[in-house]
1. Starting from the Kirkwood Rh over alpha-carbon pairs, what translational D in µm² s⁻¹ does the range 198-251 have by Stokes-Einstein at 4 °C and 1.567 mPa s?
2. Once amide H atoms are placed 1.01 Å from N in the peptide plane, what residues at a sequence separation of 5 or more from Leu79, or on another chain, have their amide H within under 5 Å of its amide H?
3. Quick check on my link table: of Lys7/Lys91; Lys234/Lys262; Lys22/Lys507; Lys22/Lys393, which ones sit more than 22 Å apart, alpha carbon to alpha carbon?
4. I'd like the trypsin sites (Lys or Arg not before Pro) in the range 380-461 restricted to DSSP loop residues with at most 15 other Cβ atoms within 10 Å, sorted by number.
5. Which of the lysines could a cross-linker bridge to Lys325, judged by Cα under 17 Å and excluding same-chain residues fewer than eight apart?
6. State the antiparallel share, in %, of DSSP beta bridges confined to the range 2-172, rounding to the nearest 5.
7. For the range 252-315 and the range 329-407, compute the distance between their C-alpha centroids and round to whole Å.
8. For a footprinting-style exposure proxy, rank Trp25, Trp256 by other Cβ within 10 Å, fewest first.
Amino acid sequence: MIGVIAKPTQQVVVEEFFQLFKTPWEFYRPGQAYDVVIATAEEIPEVKTGLLLLYGATAKNIDRNLGVVGGQVWEDGKLFASDTSFPTYGKTLTFEPASAGVPCVMRGTLPAGLRIEKPDSITIRLGYDLFEETAFLLTSGQPVENAEIPTLDIHIEQLRAWILEAGQSLLEIPATPAGYRFVVCLTHDIDFVGMRDHFFDHSMFGFGYRAVVGSLRNFLRRRLTFGQVIENWKAVASLPFVFAGWARDFWEPFDWYLETEKDLPATYFLIPFKRRAGSKVDSPNASRRATAYDIGDLKESTSRLLAHDCELGVHGIDSWHDSNKGREELGRTRAVTGALSIGIRMHWLLRDATTPRVLEDAGYYYDSTFGYNDTVGYRAGTGQVFRPLGTEKLLELPLHIQDGALFFPDKLDLSEQQAEQRCQPLIDAAIRLGGVLTLLWHDRSHAPERFWGGFYRRLIAQLKTLNAWFASGSQAVGWFEKRRQVRFERAQSSEGPTSRVLYEGEKIVPPLNVRFYSASWNVSATAARAFVDMPWDGISADGAEWQTTEFRSRPPEASPCSS
C-alpha cells in the first residue's frame, strides 16, 4: 500500500494520477505503516515505510536530517534517469555536491534526484513535484517541441521502477487489456463527403490548384509518383462529369474506409449542422470552417456505417465553448444514431481551459480533441484515457497521430518514409507503456490530390501484426472507465497485510490484467521487473463467481513474466 502526503490543493490530481498508475494507495494516515510513502508537502511527519519518495523544489523539514543540501532552482528543463529522459514544466531543484546519497536523476551535470539508503529504509529526494507536473500535462499539455515524449507515462514508469528497485512488492492493473499489448482507435473527422457539394467554391478551386500545380511541385520533391500526378490531372478533368453525376465522386470517403478497415471498428466524427462556421474562431479563414453537409444529409451512409458496427460521434462546431449549443449538436447526432453515450472531437481541434467542463455539462460521454494540429505525439503526455481535471464524468481519449500534421506543407511536411520514422517511436511507446494509440485520418486523405491512403493501409497492416486491440472510441473509453471503477481496500489476513480488489460493475471485456510484482523475485536487474499476470473480467475466476480477490506475498500459481 502506498501512502500519499500531498499539498492540500493537490487532492484531485493525486486521485487522477492513481487512476493512471492503478495500484493500491490512500492518503496518508498517521500511525499507519506503508510499504511506500510519496510526499510533496513541505512538512513531512515521521513515517513508517520502506521507501520514502520525497518530491518538490522547495525545502522539506527533513532535508537536513537526510543530509540534503538544496542548490539552484530552475524554471523547467529536461531530466535524465537511468536511460530515460523527460521534461519538467514546473520548478526543478538541483542539489549541491555536498549532499548525502547517490544521484539517480540528473539535470545536465547537476543532480536533481538523490537516493539515500539507511539500514531500514530508502529515501529518494527528487527536485520536482510529481503532482504539479501531472496537473500541467492534463490541463495545459506539452509544447510541440516535446510532443514525442510520453512524459506522464514515463513518470509512472520511473516511479514503478524505483518502488521495485527498493525491494517492494507491487500490485497493479496495467493500462492494457489481458491478451493484448496496447489499444488502437481508428478515427475519422468528416469535413467533406463529396466534391459534388463544392461547385465553384474555394474547396473546388483549391483542389484544382493543388492537383495541377501542386502535383508538379510534389513530384519534383518526390512526394508523388508520376502515376499519381496523372491521376490528379485525370481527377481535375473529370470534375464536369462528377458534378453532372456521370462520374464517380472521388471525394466520397465511406466505401474506401469500410474496405480498408474491414472487420475493424472505427469512429466517424460527423458535422451536426452545415453552413455553420461557429463563433469565437480566431482565424482569418474562420468562414471556411462551415461545411457543405451535415449528418442529416447522410441517412444512407450513416445506416451503412452503423450496420458495419462503426461508431458515429459529433464533429463539434460550437460545443467547445457553449454548453447549450453543445446539447443542440449532441441532440442532432443522437437522433440519427439512437446512442445514449456519444463522443465528440471538435472541428479544427478548438478548445480552451473551460472546454472539458462545457462538454461535460452538454452531456458528452467522452472528448477526443486533446491533440496537435501541427505535429504528432502526446499533448497530455500519456496514451491513457483520463478524466480532465475539474470534471466529474467526462473522459478524454487523447489524439496521437493525424494525417494532416504529418503531410501538410505548412505542418511537418514529411515524406512517407519520414512519416514512418516519426510514427514508429509512438508505436514503440505504446508497446512498452500500454494505453491507446489514437489515429485520425480525414475523409478525403485517401483520394486525389493527397494520396495518403497507401500510407494509412501500411500503418494499419503494421499495427495488426502487433497484437493490438482495435476498438472504437466508445469501446476504448468504456474499457478504461471499467478499469477506473476498480477499487483497492486495505485488509488484514493471517498471512499479513493484503490489498483487496473491489469491483461492482458489468463484466469487463476484454479482461483486465491484475499484475503482481513480488519483492522475493527482485534479485537482479532483470528480475526486478518480473511479474505474474492474472486476467480478470471483474466477475469470475477459475469458473467461480467472485467480486473480490486478495494478493499477499505471492499470487495464485502462475508463471512469472518479464516486461
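Read-outs: derived from the displayed coordinates by stated rules, not from any lab. Being a predicted model, the structure only gives us computed values, none of them experimental. Cβ sites come from the backbone with ideal geometry, for glycine too, and all protein chains shown count toward neighbours.
1. Taking Rh from Cα pairs, D becomes 112 µm²/s.
2. For Leu79, the qualifying residues are Phe86, Thr88.
3. Too far apart for the 22 Å limit: Lys234/Lys262.
4. Numbers: sites: Lys393, Lys411, Arg422, Arg432, Arg444, Arg450, Arg457, Arg458; in loops: Lys393, Lys411, Arg444, Arg450.
Sites meeting the loop and neighbour criteria: Lys393.
5. Cα-Cα hits under 17 Å: Lys274, Lys280.
6. Working: 20 of 38 bridges.
Antiparallel bridges: around 55 percent, rounded to the nearest 5.
7. Cα centres, the range 252-315 to the range 329-407: 15 Å.
8. Trp256, Trp25
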